[in-house]
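Written below as structure tokens is the structure these notes are about.
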Amino acid sequence: MSEEKHKFGDTDMELFISRLLRYGVIIASAIVLTGCIIFLARHGTSQPDYGKFVGEPSEFRSVVDIISSVMKMSGKGLIEFGLLVLIAIPILRVVLSVISFAVEKDRNYVIITLIVLALLLYSLLGQQ
Amino acid sequence: MLDYFGFTLLLFAGALAAGLLGALSGLGGGVVIVPLLTLVFHVDIHYAIGASLIAVIATSSGAASAFVKEGYSNIRIAMFLEMATTIGAIAGAFVAVYMSPSTIAIIFGCVLVYSAITARSEPKFPDNFKKSLFAERLKMNSHYPSISGPQSYSVYNIFGGFSLMTVAGMLSGLLGIGSGVIKVVAMDKVMKIPFKVSTATSNFMIGVTAAASAGIYLHRGYIDPAISMSVMLGALAGAVIGARYMVRFRVKMLRNIFSIIIFVLAIEMIYNGITHKLG
């Protein structure tokens, strides 16, 4: 009986998390769209060339640099910031799962989820 | 030559079609975005992979709440297997940096052929696994809703599933796809998890897997704002429309059409890879 009750709590938490994710996607899209409009208004008539990979300038390669380029209100900077918000959404989901497993006192899954979180943070922040 | 206006508009339309087909067929739009960008728009494959990862994160996060509401996804199975997919994804992204576009194109083509075949037929796996004690200790066995009340299920062959998930993660990082087809095969066929639970859980895992490699692509300068914005918004719009009208379409016919498209793209990718047309 208590097992049944517990499972329902699980789904409620998941539902809360997934709604949060959906709003996150809407926010990220709105930021990208705003940046898109600014960018096209300024550079819409110039010509793109993506045939050869040259890589993005260093201001779009790290979390700190992207955030500082948003302050300059550059269209591309705003788009990159929106993309960063988007990448952060699944990571936020994992963070919330750590909390939810901790509330349930499920030690095994707190450890498992922390491992996943560490890998994600390494990928986003841990490189030079 | 096309200016940014035209480029953005056409790319948006292409990504919308990809997202729509991906949602309607249940195969995900990720697999067609890289061929679309490289073959049609002549974008360098590294940029294409970065943009595709962005589209994959957007569509899977956007769809997640619909899947959870139905009560099929299993968060414990997802988290356990995400250890495998994130490690694989990071490794795959690192390897991709040192690979030539031609090599990536050929591997991509082969994975597309595999996806096209599994979309049409059922792969067979040995059926004689013992119940996993490990699954019991990690509380993976659960139940899902059905018309006749909650149906319980058990998880088998965890290590087989875990290994295949590592491969799925690697391909995701290497090619910028969600690897949903392989994830479902790992859960449904190898671990004997019910199909509906497998697809819902897979959708939940795809975003986390893609985020693991997206960070590395960002640091390497592969995530271009002008390409990614149209691909992200287009794929998302397509997926949202697709999810809304899913029931009205004949899924089986759609899957067949989609698998033919994928097959043609696969041949095109392999041909371009062999002839070094992608740089």
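Each reported figure results from applying straightforward, stated rules to the coordinates on display, with no laboratory input. This structure is a prediction, so every number in the text was calculated from the model and none was measured. Cβ sites come from the backbone with ideal geometry, for glycine too, and all protein chains shown count toward neighbours.
Scanning chain B for helices, which whole DSSP H stretches are 20 Å or more long along the axis (Cα) and average 1.6 or more by Kyte-Doolittle? Result, helices passing both filters: B:4-25, B:75-97, B:158-175.
Structural descriptor for segment B:165-239: relative contact order 28 percent, calculated from alpha carbon pairs under 8 angstrom and at least 6 residues apart. Using C-alpha pairs under 8 Å with a sequence gap of at least 6, the mean separation divided by the residue count of chain B gives a relative contact order of 41 percent. The dipole here belongs to segment A:23-125: it is taken about the Cα centre, uses +1 on the Cβ of Lys and Arg and -1 on the Cβ of Asp and Glu, and is about 40 debye.
Rounded to the nearest 20 debye, the dipole magnitude of the protein assembly as shown is 800 debye, with +1 charges on Lys and Arg beta carbons, -1 on Asp and Glu beta carbons, and the Cα centre as origin.
Within the shell of other residues whose beta carbon sits under 12 angstrom from the beta carbon of B:Ile193, the net charge comes to +4, with Lys and Arg scored +1 and Asp and Glu -1. For trypsin sites (Lys or Arg not before Pro), the sites in segment A:66-128 that DSSP calls loop and that have at most 16 other Cβ atoms within 10 Å are A:Lys72, A:Lys105. Under the rule that an exposed site lies in a DSSP loop and has at most 15 other Cβ atoms within 10 Å, name the longest stretch of chain B with no chymotrypsin sites (Phe, Trp or Tyr not before Pro) of that kind, not counting the sites themselves. For chymotrypsin sites (Phe, Trp or Tyr not before Pro) (loop position, at most 15 other Cβ atoms within 10 Å), the longest site-free span of chain B is B:130-248.
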